[in-house]
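To start, the structure under review is shown below, and the notes come after it.
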Amino acid sequence: MKQIIFISILHFAFSASAVPEEVPKTYSVQAGDNLWNLSETFFGDPFFWPKLWALNSDHVFNPHIIEINDVLNFEAGSLIAAPSLSFGAKKSSSKNYVSLMENLPPSFPSVRLETKAGSPEFQVIPSKKTDFGDQYLSYRVQQGELKSSGQVIETEVGLKTASENQYIFVNLSEGNTGDIFTVVRKLADLEDKFEGDVPYPLEFQSQIRILDLVKPEDGIYRAIIEKSIAPTEVGSKVVRGTLPMFSLSRPVSEGSGVTKIIGAQYSSSRKIVSSGTIVFLQGGSNRGFEKDKIFTIFSERSLRYIDSFVENDHPAIGRLQIIDSTPEYSTAFILEAASEVYVGDKVGR
């Protein structure tokens, strides 16, 4: 009984806090509107926009474009029904389109495809380049054994994860009070045919500082999470050193070589990505895929249309920059993409 009451209270709190009290039942899309600011207006959080797009994907084919005079149907929700927002009939048949605002969320496309007059070749035309700046490296591809100094065995509050400024307990084979370590997690091996050691994505979760020895006989230390870029999970490995970083503001040059995308951040089974995403390439420094080199991404039609008879249609759909490389594999950051990028798409020519 207590559990049922608690859930009802939470649902009521969500409905009351996420939705403004005075909201019209219908709303007509105006110039300057987009899924980002509509989500902020109706749900109180702009990061709800992917859910808004997913619920209306039969009407909004491209989140970059919505039509002026589209009618939004808004339901405020109740104790038994969540708030909802859907597209209704247009007030007119106008084909005026709404462009995105200046402050784009990182997941919106930053380039578009355009056909040159008299030429069937697609060109990548930057509409606006996002300045990603210097960032922590959250994932990279590597192969071989992961050499660690220990692992996270427990959080101070007994949960399976911990975040910044929280305490955790680690078991160390070597280390002392004051030492800095990085917490990492090995993901499943990438699916493909490889020779030698199979590559795998490595997720970087946090940077920790060792505080004190709490159980000497087992080498268990208390540590504090000084910097977190992902939840620190119990069972994750601990390696010596600080969180790695990469820069997108250093001078770069065009690279030469041909390879393909073999994986992406978050999951070894992820198949579709967009701009602002880290991807892994089957090709490293031995083949010219060196750090700070720029390459063009080409669409592989067979991945999108299995029964297509067209085999050699590879339009350019984006650009990426190498941010880390080994002799055989490399990690890259998608700078811009005009459409979805598939694992298996071609890189370079």
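The numbers here are math on the coordinates, done by the rules we state, and not lab data. This one's a predicted model, so the numbers in the text were calculated from it and none came from an experiment. Here the Cβ positions follow ideal geometry from the backbone for every residue, glycine too, while neighbour counts run over all protein chains shown.
Descriptive notes on the structure:
- Taking Lys and Arg as +1 and Asp and Glu as -1, the other residues whose beta-carbon sits under 11 Å from that of Ser236 total +2.
- For region 210-329, the percent of C-alpha pairs falling in each 5 Å distance bin, counted from 0 to the bin holding the largest distance, reads 2, 8, 14, 16, 16, 12, 9, 8, 6, 4, 2, 1, 1, 0.
- Pairs of Lys residues in region 223-319 are counted when their Cα atoms are under 17 angstrom apart and they lie 8 or more places apart or on different chains; the count is 4.
- Maximal additional length on extending the Val71-Ile294 stretch stands at 76.0 nm, based on 0.36 nm per residue less the C-alpha distance.
- Estimated inter-spin distance, Glu340 and Asn286, nm [label 7 Å along Cα→Cβ]: 3.4 nm
- Cα gyration tensor category, rounded, prolate or oblate, for region 233-282 with a/c compared to 1.5: oblate
- On the beta carbon distance between Val234 and Ser173, with R0 = 22 Å, the FRET formula returns roughly 0.80.
- Label-point separation, Arg270 to Leu303 (7 Å along Cα→Cβ), nm: 1.3 nm
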